[in-house]
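A quick write-up on the structure given underneath.
Bear in mind these aren't lab numbers, they're just calculated from the coordinates by the rules spelled out. Since the model is a prediction, treat every value here as computed from it, not as a measurement. Glycine also receives a Cβ, built like all others from the backbone with ideal geometry; neighbour counts cover every protein chain displayed.
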Amino acid sequence: MFHALATSTRRDILRRTIEREQSVSTLASEYEMSFAAVQKHVAVLEAADLIVKRAEGRERLVRANPEMIARARALLARYEELWRSRIARLDDLLAGPSTSSGTQSVGSGTQGAPDTSDTAEDPRNEEGV
């Protein structure tokens, strides 16, 4: 999914299809690239299930897939929470020993044991994303 969002053109196509369903030819008219190149971008987004394509007569209409966008948002929120907690722990460690009762110094605890306090829910285990 994140590979599909790696280019600004695909992110823009997704943004435009969130606003409203559009034909591939309408999307292509907005970019300084060939129609085939836009079709390839649409195909990458479709393979990632971020957009849905349907036929209406001779046109191919695309729209954003709100379910997958919501799943991506939830995954990113979990990553953000994970990294914020890790950065907060790093800040505590860099601040040095504290006199508050809840903070441990770097040398305390079981020596050599890895800290696994925030690995209970690893967002990479999200099924289908």
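By its C-alpha gyration tensor, with a ≥ b ≥ c as the square roots of the eigenvalues, how is region 1-64 shaped: rounded for a/c under 1.5, else prolate for a/b larger than b/c, else oblate? Verdict is oblate for region 1-64. Residues Leu94, Leu76, Leu45 in ascending order of nearby Cβ atoms (within 10 Å, fewest first): Leu94, Leu76, Leu45. Among the chymotrypsin sites (Phe, Trp or Tyr not before Pro) found in region 1-88, those both in a DSSP coil and sparsely packed, with 13 or fewer other Cβ atoms within 10 Å of their Cβ, are Phe2.
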